[in-house]
Amino acid sequence: MAKRTILVSQGTCCKSAGAEQVYTALKKEAVKWGLEDEVEFKQPGCHGFSQIDPAVIIEPDGLLFAGVKEENASEIMQSLLPGRRPPEHLFYTEPHSSNTIPYKQKIPFFSRQQRFILHNCGTIDPGSIEDYVKGGGYEALHKAVYEMTPLQVIAEIEDSGLRGLGGGGFLAGNKWRLCYQSPGDQKYLICNADEGDPGSFQDRSLLEGDPHAVLEGMLIAGYAVGATKGYIYVRAEYPLAIKRLQIALQQAREQELVGKNILGSDFSFEMEIFQGAGAFVCGEETALLQSLGGKRGMPYPRPPYPVVSGLHGQPTLINNVKTLASIRWIINNGAGWFRAKGTEKSKGTVVFSLSGKVVNCGLVEVPMGISLREIIFGIGGGIPGEKAFKAVQTGGPSGGCLPADLLDTAVDFDTLRDAGSIMGSGGMVVMDEDTCMVDTARFFLAFSLKELCGQCTTCRLGTRQMLEILNRITRGEGRPSDLDLLIQLGEVVAQGSLCGLGRTVPNPVLTTLRYFRDEYEAHINEKRCPARVCKDLITYRIDHEKCKACSLCLKACPTAAIKGNKKQAYLIEQDRCVRCGTCLDLCADRFGAIECI
Amino acid sequence: MVDYELKNRIIMKEIFSSFRGTENELIPILQHVQEHFGYLPESAMLEVARFISVSESKVYATASFYSQFRFKATGKKHITVCQGTACHVRGAGKIQDTLERQLGIKEGETTADQEYSLEAVACIGCCALAPCIAVNNETIYGRLTPQKVKVVHEPIRGERKNGQKNHSGQPGNML
Ligand SMILES: Cc1cc2nc3c(=O)[nH]c(=O)nc-3n(C[C@H](O)[C@H](O)[C@H](O)COP(=O)(O)O)c2cc1C
Ligand code: FES
């Protein structure tokens, strides 16, 4: 029988679900059942389906066990003995249909995706360069350096139509050519792994799961544009990604893939990892350059663009992690292969971090042009509980919220922008009927206000004014004129600000006003929060018919606002109640006696 | 006291030894300093300023721009509660409220006994497990509910909701 491989993913999220303990327990059991020579263990990066973590996958068949606990290790290992059957209770169960699915590739979350950027994530060991090479790794680099001139590489990338996946969607090939053509003594390359957009983790997962693909992309880009020094700017909040990158870099150096005379050619390239110190605006390329120079991350006006004058005044190519991870595929398979995916103006695939109120949270890679509906309902499995979909947020604080009637919108750079949102770097947060859109807009503005650099008056003060108006509205003190004022202010901020952050700060407000104006109006005119989120506009009440005086809520109430005696329905003292919702959550599954109005 | 200062000077020297002393090394230097002390002591920033030949105010201006840098010691257990989008949508506000109530401190504060400090951050990159918190920037706890946070000193078990099987095992002690 072919040797079987047992995969236990070890991404940040898998680890927090207990994947390390499961891995150790499985190894122990392998020894116990005398299987240590029959099976091989592997710890790949995240497979992307966080919902089922920790998951154990047995290759080559692709059997998948979901939600494995340490105590399941024994039955899993025993099932590998001759003639035994796998423990079926550990198979993945589809939440809606309760069907069990034994094989990874049959699970809709995986089968409906098309993965190549994420191809290695969850399958290879990110700590092993051999594993990466076995799957064709560094072949593209070899091909580029030995069979292609820099200009041929650039032409191939141009021809592929690859657009930058960091948010802007600038054509990668064009940027490379501009950098190539810019005169300079030393050119630099920066991999933008700052990923500050709250609600996205695709770059982290990629760095954790397939760091060599990013390094290979950087090397090819460096060769093409004539750069000799590369930086990976990665946020310090990602310790595991940094560690995996350090290991990968060390291995690449040992194999003479980084350093002088790479693969024995004339091409030399050095690389360094720089840890970002926690500032969202540093994802913006000019702010990032300032930060690399040891300064406050203040964006500055372009032109000159970094490709002309960037780090230390030299031509600098800045690309996102995913953009760079796509390169090896284009070089290996050709531009035509890449162009065949996606839409006319947006080629290839896009990676999203799907999260929020959706059944299957995780990493999703799909061809450009697919509908939001397919991502959220086809792959994501829809909304949990009996709740209704309300909105999907893409593009982070610079993006927008799209409503249910736009679910058939195609996901590509231009269509999303026309709908008022943006592709962004890949965050996709789903919201259900319990999400208040005014509160959501307020949330994003509060985030941006904290993160903006403060240079431009319109951005700094305009954002604050907008936030104060939104605060007023969520307190029930909004005025009918506030909505027009918000739009006006939004336009001023967007037009009067220097960088990409300021120019897009108003987006979440403007799109929610465009698509969910009735919610704003309910807050202002009726002093009502339809989603029952805004604390000043809601009251908790106990239904006397349903209350069984079980004392659960009474004990749990943090402010002792619930009063009552045995066998007598309780009452909430409104002036003590802080509207935390603890009582409602506790009672919901039991008697449903508490309501929020 | 003298010993203490001497010790610190040795630590600083050790940190500086892996740098050349140029301005663009400021952020990595500060990161190293913070790793040693848990925050940026004023005296250390002074020495950094001297080492890279810039004014103290410039060091402070840069350090205060970035949210990673702290100017006060944190508690032994530094809890960061995520208030990113995914966590916000899934009830991170309630998690923070519960933590604040249980610890008796507000976000940004440290308990009097220096055991715990609480900080709200935007996204720790585990959005699929929202809402989540991190302890000492290492251990991440996801899929929290206010009820789970309540059992601070007890093991957290995989939640069961609506009788549905939930695939999250949550081993270990939380705090
Ligand atoms: C406020 C702001 C934040 C940004 N954050 C990121 C980020 O986290 N990662 C990223 O790759 N690009 C980010 N960008 C876009 C970069 O400025 C730049 O366009 C991108 O890194 C270029 O790479 P690409 O061409 O491969 O997309 C951000 C832009 C702005 C305005
Ligand atoms: S939003 Fe909380 S981890 Fe990303």
Practice task
Being open to solvent by 20 Å² or more (accessible area, probe 1.4 Å), within 10 Å of chain A (Cβ to nearest Cβ) and at pLDDT 95 or above is the filter here, so list the residues in the range B:60-79 that pass it.
Solution key: B:Ala61, B:Ser64, B:Phe65
Practice task
Looking at (1) within 8 Å of chain A (Cβ to nearest Cβ); (2) within 24 Å of A:Lys535 (Cα to Cα), find the lone condition where B:Gly104 falls short.
Solution key: (1)
Handout entry: Residues being in a helix (DSSP H, G or I) and open to solvent by 20 Å² or more (accessible area, probe 1.4 Å) - total across the range A:407-425
Key = 4
Exercise for the section: Go through the range A:283-351 and tell me which helices (runs of 4 or more DSSP H), entirely inside it, have 3 or more residues that are at pLDDT 95 or above, within 13 Å of ligand 1 (Cβ to nearest atom) and not hydrophobic (A, V, I, L, M, F, W, C). Expected result: A:285-292, A:321-333
Problem - Where a residue in the range B:125-137 is under 18 Å from A:Glu195 (Cα atoms) and at the interface with chain A (Cβ under 7 Å from one of its Cβ atoms) and its partner, wherever it lies, is crowded, with 24+ Cβ neighbours inside 10 Å and aliphatic (A, V, I, L, M), with Cβ under 6 Å and at least six apart - result: B:Cys127/B:Ala86; B:Ala130/B:Ala86
Completion exercise
Cβ pairs under 6 Å, 6+ apart or interchain, first in the range A:163-174 and aliphatic (A, V, I, L, M), second modelled with pLDDT of 95 or more and near ligand 1 (Cβ under 6 Å from one of its atoms), ordered by first then second residue, are A:Leu165/A:Asn320; A:Leu165/A:Thr323; A:Ala172/A:Gly164; A:Ala172/A:Thr323
Fill in the blank from the handout: The helices (runs of 4 or more DSSP H) lying wholly within the range B:24-115 that contain at least 2 residues that are over 30 Å from A:Val359 (Cβ atoms) are B:26-37, B:42-51, B:56-65, B:92-103
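From A:Gly490, A:Gly478, grab the single residue that is in the same structural domain as A:Ala441 (by TED's automatic domain parsing) and part of a loop (DSSP other than H, G, I, E, B). It would help to see each step written out before you state the result.
On the way: A:Gly490 fails: part of a loop (DSSP other than H, G, I, E, B).
Checking each option against the conditions leaves just A:Gly478.
Yes or no: A:Ala236 open to solvent by 10 Å² or more (accessible area, probe 1.4 Å), within 16 Å of ligand 2 (Cβ to nearest atom) and under 21 Å from A:Ser353 (Cα atoms)? Quick ask: steps written out before the conclusion?
Details: open to solvent by 10 Å² or more (accessible area, probe 1.4 Å): yes; within 16 Å of ligand 2 (Cβ to nearest atom): yes; under 21 Å from A:Ser353 (Cα atoms): yes.
Yes, satisfied.
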Practice task
Go through the range A:350-403 and count every residue that is free of Cβ contacts under 8 Å to residues at least 60 places away in the same chain, on the phi > 0 side of the Ramachandran plot and out of contact with any strand residue (DSSP E or B) (no Cβ under 7 Å at 6 or more places or on another chain).
Solution key: 1
Handout entry: Search result, residues across the range A:447-464 that are surrounded by 14 or more Cβ atoms within 10 Å (Cβ to Cβ), more than 12 Å from chain B (Cβ to nearest Cβ) and among the hydroxyl-bearing types (Ser, Thr, Tyr)
Key = A:Thr458, A:Thr463
Practice task
Please enumerate the residues belonging to the range A:236-255 that are more than 14 Å from every other protein chain (Cβ to nearest Cβ) and either in contact with a Leu (Cβ under 7 Å, 6 or more places away or on another chain) or not acidic (Asp, Glu) (or both).
Solution key: A:Leu245, A:Ile247, A:Ala248, A:Leu249, A:Gln250, A:Gln251, A:Ala252, A:Arg253, A:Gln255
Exercise for the section: Would you please list the contacts, defined by Cβ atoms under 8 Å and residues six or more apart or on different chains, that run from a residue in the range B:12-35 that is over 13 Å from B:Gln68 (Cα atoms) to a residue that is in a loop (DSSP other than H, G, I, E, B) and of a type in the set (S, T, N, Q)? Expected result: B:Gly21/B:Ser53; B:Glu23/B:Ser53
Practice task
Might you let me know whether the range A:426-443 holds any residue that is within 12 Å of chain B (Cβ to nearest Cβ), free of Cβ contacts under 8 Å to residues at least 24 places away in the same chain and open to solvent by 30 Å² or more (accessible area, probe 1.4 Å)?
Solution key: no
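The values are calculated or read from the model by the stated rules, or taken from the named source; none is laboratory data. Bear in mind the structure is a predicted one, so any value in this text is a computation, not a measurement. Using ideal geometry, Cβ is built from the backbone for each residue, glycine included, and neighbour counts are taken over all protein chains shown. Surface accessibility is based on the protein's heavy atoms, side chains included, excluding ligands, DNA and RNA. Shrake-Rupley method; radii C 1.70, N 1.55, O 1.52, S 1.80 Å.
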